Amino acid sequence: MKSRIFWTVLFAIIFLISLLFQFRFPIAKRLGGFLGKRDPLEKCEAIFAPASRIETNFVYAVHLFEDGWGNRLITTTPKISPVTKEFQEIYGMTDCSWASVLRQVFGKENLPLEKLTILEDSVSSFTDCKLLYAYWKRHPFQSVLVVTDAPHARRFRIVLDKVFGDEKVKILSYPSFPDRPLEDFFADEEDYVMYVFSEYIKIVAYAMKYAVGN
């Protein structure tokens, strides 16, 4: 009897896993919609674009800045690994930093460089938020519009709210290119599926971490 129950449960589990695998993309599309944290668009003192994707976060933040949704654009750049730094030095590419690329984009749009603030050496979403908070401590602002890819928006907002805590700053989240399907931000369906499920795992991990006060 026990053996029969075991094989029935095992078969049910295998069937469920195969069913989830077969329909993984439509399931991910449904779950992905929750990740796109989106507040009503309002003018803020600053616009912030984290380092994760220059071609989406930063570009769309520039678009919003041009349209007058913020008085200053703040962004971060990823920390360069020792291997990448060595590669750049060997081939004479030390002037090809992320900061220089961001300034070129800003200049191409004929925007004043003095309105662009670049916070360097980010290694994670948490670092992005800490860098922004440190900048805010030196140059306080009352409101900030955070522009990040929709699949990343929910988790990034969780981290940012935690970093700023009870500070009197109005934080709004707005996804880059909000009218585009979420899967357009990825190379293929498998990449999208893996990202969506990894985001949910990270959100749960962050919630557990913050629940214990770390």
Practice task
State whether one or more residues within the stretch 164-172 are under 16 Å from Ile47 (Cα atoms) and among the aromatic types (Phe, Trp, Tyr).
Solution key: yes
Problem - First in the stretch 113-128 and over 18 Å from Ile158 (Cβ atoms), second anywhere and modelled with pLDDT of 95 or more and loosely packed, with under 15 Cβ neighbours inside 10 Å, Cβ under 9 Å, 6 or more apart - result: Lys115/Asn71; Thr117/His139; Leu119/Ala134
Exercise for the section: Would you list the helices (runs of 4 or more DSSP H) that sit entirely within the stretch 19-100 and hold 3 or more residues that are at pLDDT below 80 and more than 24 Å from Val146 (Cβ to Cβ)? Expected result: 24-35
Practice task
Any chance you could count how many residues in the stretch 97-119 are of a type outside the set (Lys, Arg) and either closer than 12 Å to Leu73 by Cα or in contact with a Phe, Trp or Tyr (Cβ under 8 Å, 6 or more places away or on another chain) (or both)?
Solution key: 11
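Residues checked against (1) surrounded by 13 or more Cβ atoms within 10 Å (Cβ to Cβ); (2) of a type in the set (Phe, Trp, Tyr); (3) in contact (Cβ under 8 Å) with a residue 60 or more places away in the chain:
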site: Asp149; (1), (2), (3): yes, no, yes
site: Gly165; (1), (2), (3): no, no, no
site: Arg180; (1), (2), (3): yes, no, no
site: Ile203; (1), (2), (3): yes, no, no
site: Lys209; (1), (2), (3): no, no, no
Handout entry: Output for the stretch 153-174, where each listed residue is outside any helix (DSSP H, G or I) and either more than 21 Å from Arg53 (Cβ to Cβ) or in contact with a Lys or Arg (Cβ under 8 Å, 6 or more places away or on another chain) (or both)
Key = Gly165, Asp166, Glu167, Lys168, Val169, Lys170, Ile171, Ser173, Tyr174
Completion exercise
Matching residues in the stretch 41-69 (touching a Cys at 6+ places or on another chain (Cβ under 9 Å) and surrounded by 23 or more Cβ atoms within 10 Å (Cβ to Cβ)) number 1
Practice task
Pick out the one residue from Lys130, Lys137, Lys115, Lys168 that is over 17 Å from Lys37 (Cα atoms) and touching a strand residue (DSSP E or B) at 6+ places or on another chain (Cβ under 7 Å).
Solution key: Lys115
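The values are calculated or read from the model by the stated rules, or taken from the named source; none is laboratory data. None of these values were measured; they are calculated from a predicted model. Virtual Cβ from ideal backbone geometry, glycine too; neighbours counted across all protein chains shown.
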